[in-house]
Amino acid sequence: MSDPRKAVALISGGLDSLLAAKVIQEQGVHVEGINFFTGFCVEGHTHAIRKKERARPKRNNALWVAEQLGIKLHIVDIVEPYKEVVFNPRHGYGANLNPCLDCKIFMVNKAHEWLRQHSFDFIITGEVVGQRPMSQRKDTMPVVSKESGSGDLLLRPLCAKNLPETLPEREGWVKREQLYDFSGRSRKPQMALAERFGLKDYAQPAGGCCFLTDAQYASKLADLWRARGSKQYEMDDIMLLKVGRHLRPRPHFKLIISREEGEGNYLQGYRKQYVSIKTVSHPGPLALIDGEAGDEDIELAARLVARYSQGRDAPEVELEVADREGNSRLLRVRPMPAHEVPQAWHL
Amino acid sequence: MASVTPRSKLDARRLLCPMPVIRVQDRVAELAPGTTLEVVCTDPGALTDIPAWCRINGHRILETRDNGEEQVVILEVGAS
Ligand code: SF4
């Protein structure tokens, strides 16, 4: 018997990509998974940071899916090349800063590169026509195939019957009649199929697969770009956007204030990169100053930090301000009352 | 208990998941089957993720430790 055909499946960790891979596996095709790390993925991070969430067992859904399927999973770090997708999406952004269509094109293109390097035969994704407003529409699905360069090597098993035949179907590597014709936003067909495969406990993320679809996250990222005068970010920036409360009292600096102990510990790790403020006289948060702050700015920042400490109602709170070299000084300030903090400062 | 003596070490501290797994994956790709690798992390999620990654990719976990601050995973590279 000849070797089975080989497919590389884009695995996000959600139900659709799990089902798509399973459908093809059931047809006797050898499947391996590929998962892309953009830095914005919802997986993990905040969980690891916030102390109260540490107690709950956590799993990486993409790894979990691969284990359910019994397939290898290749996790690819695309943080650097992905920036261009976020900065200049040719097809624009979705509701927030999510460049979904360009993102899909980019990932399928990377999967296609991987396929050529590893002599695989075709690519599968869990896309469903009409499932998502931007990247998964009847008119945009061919755009993904075309602009990713994968052409008819890209098979979407869950909705293939609604789309033109692809090479794996024409060549008889997979049977079209055993593929599906799902469409629209309903999740019922997927849930029924999961049941048929005996799959339980799968992840059903609300919204998109990454933080760029989150309105609050996107507004913090947009603020960062405005403050820096251009679209740019480093890994630390996008991690810090997930941590603490962010306030921008002046255009040239913002404060990142921890909300609980786990976040405080996490922010500690950045004290060599940012000026930091910590309450001394009362239990309270640790805050970082992102930007260049003068003496007046630091006093204002300290009053804000004091407001989030247990000394918020005290006449005075003592804080320690440390520069990036670790030189510190003490400062006594009057905590800023809530009514003096304009809503617009909250990012 | 006699501890395993790892031949290769990887510092994945201050990285959040899935970065420790990616670093392990990249390092394992350079190592010969049978080599032991010790990974030190500070994201407790690594204690779930690295073993899961090893199981699906055919590598063996020899030891895991967690002192609350740092997590250590020792694995043996399997045949690719
Ligand atoms: S939600 Fe994020 S990861 Fe998912 S397609 Fe859109 S931009 Fe890409």
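The values are calculated or read from the model by the stated rules, or taken from the named source; none is laboratory data. If you're wondering where the values come from, they're calculated on a predicted model, not measured in any experiment. For neighbour counting, all protein chains shown are included, and Cβ atoms are generated from backbone atoms with ideal geometry for every residue, glycine included. With ligands, DNA and RNA removed, areas are computed over all heavy atoms of the protein, side chains included. Shrake-Rupley method; radii C 1.70, N 1.55, O 1.52, S 1.80 Å.
For A:Gly294, work out the one condition from (1) more than 16 Å from the ligand (Cβ to nearest atom); (2) open to solvent by 40 Å² or more (accessible area, probe 1.4 Å) it doesn't fulfil.
(2)
Considering every residue within the range A:151-169, establish whether at least one is within 16 Å of the ligand (Cβ to nearest atom), touching a Phe, Trp or Tyr at 6+ places or on another chain (Cβ under 8 Å) and more than 19 Å from A:Gln27 (Cα to Cα).
Within the range A:151-169 (the criterion being within 16 Å of the ligand (Cβ to nearest atom), touching a Phe, Trp or Tyr at 6+ places or on another chain (Cβ under 8 Å) and more than 19 Å from A:Gln27 (Cα to Cα)), the answer is no, since none of the residues qualifies.
Do the conditions hold for A:Val42, that is, is it at pLDDT 95 or above and either buried (at least 17 other Cβ atoms within 10 Å of the Cβ) or more than 16 Å from the ligand (Cβ to nearest atom) (or both)?
No; evaluated as a whole, the condition is false for this residue.
I'm trying to understand the selection: among the residues of the range A:262-289, which are under 18 Å from A:Leu241 (Cα atoms), buried (at least 19 other Cβ atoms within 10 Å of the Cβ) and charged (D, E, K, R)?
A:Glu263
So, A:Arg329, is that one touching a strand residue (DSSP E or B) at 6+ places or on another chain (Cβ under 7 Å), open to solvent by 70 Å² or more (accessible area, probe 1.4 Å) and part of a loop (DSSP other than H, G, I, E, B) or not?
no
Can B:Arg7 be described as more than 10 Å from chain A (Cβ to nearest Cβ) and surrounded by fewer than 18 Cβ atoms within 10 Å (Cβ to Cβ)?
Values: more than 10 Å from chain A (Cβ to nearest Cβ): yes; surrounded by fewer than 18 Cβ atoms within 10 Å (Cβ to Cβ): yes.
Answer is yes for this residue.
In the range A:68-103, what residues are part of a helix (DSSP H, G or I) and open to solvent by less than 40 Å² (accessible area, probe 1.4 Å)? Step through it out loud before you land on a result.
In the first step, residues of the range A:68-103 are kept if they are part of a helix (DSSP H, G or I); the result is A:68-69, A:79-87, A:100-103.
Answer for the range A:68-103, where residues must be part of a helix (DSSP H, G or I) and open to solvent by less than 40 Å² (accessible area, probe 1.4 Å): A:Leu69, A:Val79, A:Tyr82, A:Lys83, A:Val85, A:Val86, A:Phe87, A:Cys100, A:Leu101, A:Asp102, A:Cys103.
Just for the range B:24-47: of the residues that are within 19 Å of A:Tyr266 (Cβ to Cβ) and open to solvent by 20 Å² or more (accessible area, probe 1.4 Å), which one is nearest to the other protein chains (Cβ to nearest Cβ)?
B:Pro44
Only residues that are out of contact with any Leu (no Cβ under 6 Å at 6 or more places or on another chain) and either within 13 Å of the ligand (Cβ to nearest atom) or not in a helix (DSSP H, G or I) (or both): list them for the range A:110-125, please.
Those that are out of contact with any Leu (no Cβ under 6 Å at 6 or more places or on another chain) and either within 13 Å of the ligand (Cβ to nearest atom) or not in a helix (DSSP H, G or I) (or both): A:Lys110, A:His118, A:Ser119, A:Phe120, A:Asp121.
A:Glu177 - would you say it is within 20 Å of A:Lys22 (Cα to Cα) and assigned by TED's automatic domain parsing to the domain that holds A:Leu101? Before you say what the answer is, go through the steps one by one.
Working: within 20 Å of A:Lys22 (Cα to Cα): yes; assigned by TED's automatic domain parsing to the domain that holds A:Leu101: yes.
So A:Glu177 passes the test.
Residues that are within 20 Å of A:Val76 (Cβ to Cβ) and without any contact (Cβ under 8 Å) to a residue 60 or more places away in the chain: which strands (runs of 3 or more DSSP E) entirely in the range B:23-80 hold 1 or more of them?
In the range B:23-80, B:36-41 are the strands (runs of 3 or more DSSP E) which contain 1 or more residues that are within 20 Å of A:Val76 (Cβ to Cβ) and without any contact (Cβ under 8 Å) to a residue 60 or more places away in the chain.
Give the residues of the range A:270-289 that are in contact with a Leu (Cβ under 9 Å, 6 or more places away or on another chain) and either part of a loop (DSSP other than H, G, I, E, B) or touching a residue at least 60 places away in the same chain (Cβ under 8 Å) (or both), sorted by residue number.
Correct list: A:Tyr270, A:Arg271, A:Gln273, A:Tyr274, A:Val280, A:Ser281, A:Gly284, A:Pro285.
Tell me whether the range A:183-206 contains one or more residues that are open to solvent by less than 60 Å² (accessible area, probe 1.4 Å) and within 15 Å of the ligand (Cβ to nearest atom).
Checking the range A:183-206: at least one residue is open to solvent by less than 60 Å² (accessible area, probe 1.4 Å) and within 15 Å of the ligand (Cβ to nearest atom).
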